[in-house]
Amino acid sequence: MVRSRSFDEAQVLTDAMNAFRKHGFAGVSIKTLEAATGLTSGSIYNAYGDKDGVYRAALNHYIDAVIRWRLDTYIGAEGGVDGVERLFLSLLSDGEANPNGCLLTNAAVEFGAGPSVATQGVQDGLALLEAGMRDALLRDIDAEHVDRAVTRLLLIYQGILVLRRAGRDISASDAVVRDEFDHLRKMRKSC
């Protein structure tokens, strides 16, 4: 008989997600997860199988709770170039910055392109970002220009996150982002 979980799974996954953001996969042990989540190792193993299972669940939770939320909040239903610009500018505001970085970006850097515990989650998260930007831009820009714009934007987005995580001064990024979106506004469809 399967027992129901006696813990708030969203909170546990948020706590695990934050531990992995801070320390990376390699830097987190089951003991670290116990301290971060308040669960015993037995509960962790029963619920997720092993550290890999916790990581996969935490990465999927991050994609839903952070990336999807950011797309919905900043791009929103209206989308367009202005919505995507809001998403980018939010990366640069101190209120939005997490000193531990983006779990998706951290996972891509930590694991690279080879098969790993993060492979599917990284692919899913990047695909979600690309699709969100593509759908929004298609409202304003002719389809023939959107793929190249999305590629440029994904490079800038991930670059900002990597530089911020590395502790680099990204104060000039605001001007770069605004220049890119000024360029995209010039590509708007004529009505």
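Annotations for the structure displayed:
- Subtracting the Cα-Cα distance of Gln120 and Ile30 from 0.36 nm times their residue separation leaves 30.2 nm of extension gain.
- Modelled this way, with points 7 Å down the Cα-to-C-beta line, the labels at Ala10 and Arg68 are 1.1 nm from one another.
- Spin-label model, Glu78/Arg168: points 7 Å from Cα along the beta carbon direction are separated by 3.3 nm.
- Between Ala113 and Arg148, the modelled labels are 2.3 nm apart [label points 7 Å from Cα along Cα→Cβ].
- For the chain, adding -39500 (n - 2.57) for each run of n ≥ 4 DSSP H residues and dividing by the number of residues yields -20000 deg cm²/dmol at 222 nm.
- The chain - percent relative contact order, Cα under 8 Å, separation 6 or more: 23
- Point-charge dipole on Cβ atoms (K/R +1, D/E -1) for the chain, about Cα centre, debye to 20: 260
- Region 53-119, accessible area per residue, ligands and nucleic acids excluded (1.4 Å, Å²): 41
- Listed residues Ala107, Ala26, Ala127, most fluctuating in the chain (Gaussian network, C-alpha, under 10 Å): Ala26
- Apportionment of accessible area to carbon and sulfur, region 54-159, percent (1.4 Å): 53
- Once the Cα atoms are used to define both axes, helix 51-62 deviates from the longest principal axis of the chain by about 40 degrees.
- Its residue count N sets the reference 2.2 N^0.38 Å, and the alpha-carbon radius of gyration of the chain equals 1.14 times that reference.
- Centroid-to-centroid separation of region 154-191 and region 33-58 [C-alpha atoms, Å]: 37
- By the rule of a C-alpha distance below 27 Å, with chain neighbours fewer than 8 residues away ignored, the lysines paired with Lys51 are Lys22, Lys31.
- In a reduced charge model with +1 at each Lys and Arg Cβ and -1 at each Asp and Glu Cβ, region 1-109 shows a dipole moment near 440 debye about its Cα centre.
The values are calculated or read from the model by the stated rules, or taken from the named source; none is laboratory data. Bear in mind the structure is a predicted one, so any value in this text is a computation, not a measurement. No Cβ is skipped: glycine too gets one built from the backbone with ideal geometry, and neighbour counts run over all protein chains shown. Accessible surface areas use protein heavy atoms only, side chains included; no ligands, DNA or RNA. Shrake-Rupley method; radii C 1.70, N 1.55, O 1.52, S 1.80 Å.
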